[in-house]
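Please read the structure below before turning to the comments.
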Number of protein chains: 2
Amino acid sequence: MRSIVINAMIVTVNAENEVIHNGSMIFEEDTITYIGESPENLASFDQVINAHGKIVMPGLINTHTHAAMSLLRGYGDDLPLQEWLEQKMWPIEGKFQEEHIRLGTELSVIEMLKSGTTTFADMYNQMDIVADIVRQSGSRASLSRGMLGFGSKEMLTQKLKDTVRFAKQWHLQAEGRVRVMISPHSPYTCSPDFIKEALVIAKELDLPIHIHVSETEREVKLNMDRYKKRPVEHLYHLGVFDHPTLIAHAVHVNQEEINLLEKMGVKISYNPGSNLKLGSGIAPVPEMLKVGIRVALGTDSAASNNNLDMFEEMRLASLIHKGYHQDPLAISAKIAIQMATRYGAEALFMEDEIGSLEVGKKADFIILNTNQAHFHPMYDPISHIVYSASGKDVQDVFINGKQVVKYGEVLTLDEQRIIFEVEQIVNQWR
Amino acid sequence: MRSIVINAMIVTVNAENEVIHNGSMIFEEDTITYIGESPENLASFDQVINAHGKIVMPGLINTHTHAAMSLLRGYGDDLPLQEWLEQKMWPIEGKFQEEHIRLGTELSVIEMLKSGTTTFADMYNQMDIVADIVRQSGSRASLSRGMLGFGSKEMLTQKLKDTVRFAKQWHLQAEGRVRVMISPHSPYTCSPDFIKEALVIAKELDLPIHIHVSETEREVKLNMDRYKKRPVEHLYHLGVFDHPTLIAHAVHVNQEEINLLEKMGVKISYNPGSNLKLGSGIAPVPEMLKVGIRVALGTDSAASNNNLDMFEEMRLASLIHKGYHQDPLAISAKIAIQMATRYGAEALFMEDEIGSLEVGKKADFIILNTNQAHFHPMYDPISHIVYSASGKDVQDVFINGKQVVKYGEVLTLDEQRIIFEVEQIVNQWR
């Protein structure tokens, strides 16, 4: 099948951050085959998409979330972190059955698709359910079974075995839309030995590590108390950073750690909304960008965000640091849009496939309805994408060349059925 | 005309922040006459609005903007403040004709109405144009002619005369929807004498003062250099705070100034989005709330925001301080929603009329479409309003009992005509 998008304002987010006004993009099956200024003869195409005056841009990449936890959206806000975790999140999560994970994940996938996220990195458990929803929904994802290092030796061995089984069963399945990463949860919940065992299987399977690091000051203190090392140094000494690794958060890292992360090529998922809401702090992102780290963005779960709108994360990422450092140049719109697309693809080790609109990459793109007051005057589409737009401006979403959202409605999942079932299943917790 | 909203989740934002699940609200002409749990016999109503499962809440109050400047949305971002002002904003604003002010204001009013803002405080010039758009659009506003203290004695006298004329012509016009405030621009652009002259007319007309104060550190330094006083102390000594006053920004105020502002009952319009984007800094809002100041919210202009979505300001106001102070309790959702409604009404000296849904107040309310993934599970509507919703979730807007937005479309202004004309008129500046 050969398709063409015409009359579009194409925000490529290629290496030059090029914008093509009134451009065309051709894709054949799942792959982009042409981007340029002049439209061809349209009669030869199976599908012609007229994006007149609208913005066409790469789908957004959410590099860190826990999709099933949207079932806990707004369930206990404005609480101290430990109270929130221990009295709100953990007791309810402990009760999660397959059905909860399925509904929570479906709710999140709907929200992500509608708001223009075409790829997400999910860390949770019972990941076969999540993988199956990715398959069915047409989304793209990098999935990892989150392994908390608690429990008996047998339980831990079982977690590692399950991770290997899941990876073998799902990696590169669903037309290649599902990928797998290996997730020891964090240095504060996993022993050094358990992290090393996880690293061994990551190497055997040739899959990247995805791990939480230094989200809170408390974690750093814990690590110092236990291992006399800050978390980044600790993981470095365990050899984790010799292997492709994505770390989530990195809020409390000093300049030495930043330099080490850069040197080792570690990827970073920055989650501004969640870090702010939980009172975790403000990550030194301008400092990371300065040494050349290409920081990616994530929402974290809807339990701590409380939505999954990546436009908001772009905007927050740019605004916070301008205000915090009293420097309007801290993180520009041109950087922020890359953090949500190109850098996201690099963070998930998928930069050959996604992250920009370029010939040879997958046709993962979104169309924004610019025919609204807040997109005008249209001096600069990248400015409006970062500083004025929201996920609600996404009109159409294509992933792997297939349309999954049309005029704001998800084609592959039934939003109304899922909302109904979600409300039913949480009734017991009100 | 007698109208009733039925089956609604009514977020009253009354003094108890009460939420009525499955409630009804009656309004007769422009005034709310009943709020309660049980619906009456519906046959006697001229209009029945079925808000089944939807959120009904007070319209949002934007306490500081410059509507016409939306014509400069995205015209020069990511620049140092002085360069942005001197090379981008001022040269173009200097070219503004009546037509520019009309189109910029129409564009802003459309955006504000669609995103649930029912009242806005605007400071600009040629305010008759703005007042006429407010009249026509059905919006509510507190308007002030912004008086920069530059120019000859004759020019300054003319500005004061024009302010008096505008106030007499428009205050309480358009069914009472237009009010007027008196605006000497700021201590750094107006001499003490000019501020005192403005104060005299404010007293004569019995209208509040609306003035910029301490947005940047540079302003504070300028004031210290010129008058050996910080701006708040300076205005206090000029007698401004003996009169009802709203100050915009208050980013750089110390504890002593905060105490003084509280003591004098000065109202504060906090503009988090603009303060962050321009790199002005982070205002000490938790400190203000702590001493009892009821801080209101504003967007500032779309040239420095870059949208006019008050939901975003609510969320930013809550999130920034949690992260900055590493305290998830810094500003709760329950406070943030009041900042955008009740406290906003107080800041504009309109708390008897608007700011909450209560019997006797004006029927200024909005209906949110909650039938979307990001509103579920619905544990707590106030949490979702502050942490998950956006202006795009606003479905219907009523002001003074009249519907001005229906299913997301403005009934009183033609959005498509205005977008077209806006793009035409800015062509010369691209």
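Of the helices (runs of 4 or more DSSP H) contained entirely in the stretch B:65-173, those carrying at least 1 residues that are hydroxyl-bearing (Ser, Thr, Tyr) and within 14 Å of another protein chain (Cβ to nearest Cβ) fall at B:98-114, B:127-137. Among the residues of the stretch A:29-56, those identified as touching a residue at least 60 places away in the same chain (Cβ under 8 Å) and more than 28 Å from residue A:377 (Cβ to Cβ) are A:29, A:30, A:31, A:32, A:33, A:34. Taking into account only those residues within the stretch A:231-267 that are among the small types (Gly, Ala, Ser) and crowded, with 24+ Cβ neighbours inside 10 Å, which is nearest to residue A:296 (Cα to Cα)? By that ranking, first place goes to A:248.
Within the option set B:122, B:77, being surrounded by 22 or more Cβ atoms within 10 Å (Cβ to Cβ) and within 16 Å of the chain's Cα centre (by Cα) holds for one residue only, B:122. Within the stretch A:89-119, the set of residues being within 24 Å of residue B:328 (Cβ to Cβ) and buried (at least 17 other Cβ atoms within 10 Å of the Cβ) comprises A:89, A:92, A:93, A:96, A:104, A:107, A:108, A:111. All of A:340, A:330 fail the test of being buried (at least 20 other Cβ atoms within 10 Å of the Cβ), more than 19 Å from the chain's Cα centre (by Cα) and not assigned by the TED database to the domain that holds residue A:48, apart from A:330.
Okay, residues lined up against (1) under 23 Å from residue B:171 (Cα atoms); (2) among the β-branched types (Val, Ile, Thr); (3) more than 12 Å from chain A (Cβ to nearest Cβ):
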{"residue": "B:339", "(1), (2), (3)": "no, no, yes"}
{"residue": "B:342", "(1), (2), (3)": "yes, no, yes"}
{"residue": "B:345", "(1), (2), (3)": "yes, no, yes"}
{"residue": "B:358", "(1), (2), (3)": "no, no, yes"}
{"residue": "B:369", "(1), (2), (3)": "no, no, no"}
{"residue": "B:376", "(1), (2), (3)": "no, no, no"}
{"residue": "B:379", "(1), (2), (3)": "no, no, no"}
{"residue": "B:404", "(1), (2), (3)": "yes, yes, yes"}
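Taking residue B:303 as the residue in question, decide whether it is within 14 Å of chain A (Cβ to nearest Cβ), in contact with a Leu (Cβ under 7 Å, 6 or more places away or on another chain) and under 24 Å from residue B:10 (Cα atoms). The answer is no for residue B:303.
Listed here are the residues, each with its yes/no results for (1) in contact (Cβ under 8 Å) with a residue 40 or more places away in the chain; (2) within 19 Å of residue A:119 (Cα to Cα); (3) surrounded by fewer than 18 Cβ atoms within 10 Å (Cβ to Cβ).
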| residue | (1), (2), (3) |
| --- | --- |
| A:148 | yes, no, yes |
| A:169 | yes, no, yes |
| A:174 | yes, yes, no |
| A:198 | yes, no, no |
| A:205 | yes, no, yes |
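Tell me which residues, restricted to the stretch B:1-19, are over 15 Å from residue B:50 (Cα atoms) and β-branched (Val, Ile, Thr). If the condition is that a residue be over 15 Å from residue B:50 (Cα atoms) and β-branched (Val, Ile, Thr), then B:11, B:12, B:13, B:19 are the ones that fit. Name the single residue, out of those in the stretch A:129-146 being hydrophobic (A, V, I, L, M, F, W, C) and over 18 Å from residue A:348 (Cα atoms), that is surrounded by the most Cβ atoms within 10 Å (Cβ to Cβ). By that ranking, first place goes to A:133. Residue pairs whose Cβ atoms lie under 7 Å apart, sitting 6 or more positions apart in sequence or on different chains, and linking a residue in the stretch A:419-430 that is at the interface with chain B (Cβ under 7 Å from one of its Cβ atoms) to a partner that is surrounded by 15 or more Cβ atoms within 10 Å (Cβ to Cβ) and part of a helix (DSSP H, G or I), are A:419/B:373; A:422/A:71; A:422/A:103; A:422/A:107; A:426/A:71. In the set (1) surrounded by fewer than 22 Cβ atoms within 10 Å (Cβ to Cβ); (2) touching a Ser or Thr at 6+ places or on another chain (Cβ under 9 Å); (3) within 11 Å of another protein chain (Cβ to nearest Cβ), residue A:312 fails one condition alone, (1).
Which one of these is under 25 Å from residue A:194 (Cβ atoms), surrounded by fewer than 24 Cβ atoms within 10 Å (Cβ to Cβ), modelled with pLDDT of 95 or more and more than 13 Å from chain B (Cβ to nearest Cβ): A:290, A:228?
From the options A:290, A:228, the qualifying one is A:228.
Residue A:189 falls short on exactly one of the conditions (1) in contact with a Phe, Trp or Tyr (Cβ under 9 Å, 6 or more places away or on another chain); (2) surrounded by fewer than 19 Cβ atoms within 10 Å (Cβ to Cβ); (3) over 21 Å from residue A:126 (Cβ atoms), and that condition is (3).
Considered as a group, the residues in the stretch B:49-72 that are over 30 Å from residue B:361 (Cα atoms) and touching a Ser or Thr at 6+ places or on another chain (Cβ under 7 Å) include one that is surrounded by the most Cβ atoms within 10 Å (Cβ to Cβ), and that residue is B:70. Being more than 20 Å from residue B:324 (Cα to Cα), touching an Asp or Glu at 6+ places or on another chain (Cβ under 8 Å) and of a type outside the set (A, V, I, L, M) holds for only one residue in B:208, B:187, and it is B:187.
Candidates A:249, A:234, A:243: the one that is more than 21 Å from residue A:274 (Cα to Cα) and in contact with a Phe, Trp or Tyr (Cβ under 8 Å, 6 or more places away or on another chain) is A:234. Taken over the stretch B:267-285, residues that are within 12 Å of chain A (Cβ to nearest Cβ) and either of a type in the set (Gly, Ala, Ser) or part of a helix (DSSP H, G or I) (or both) amount to 10.
Quickly run through the stretch B:381-411 and pick out the residues that are surrounded by fewer than 24 Cβ atoms within 10 Å (Cβ to Cβ) and either free of Cβ contacts under 8 Å to residues at least 24 places away in the same chain or more than 28 Å from residue B:338 (Cβ to Cβ) (or both). Correct list: B:403, B:406, B:407, B:409, B:411.
The values are calculated or read from the model by the stated rules, or taken from the named source; none is laboratory data. Bear in mind the structure is a predicted one, so any value in this text is a computation, not a measurement. As a convention, Cβ positions derive from the backbone with ideal geometry for all residues, glycine included, and neighbour counts pool all protein chains shown.
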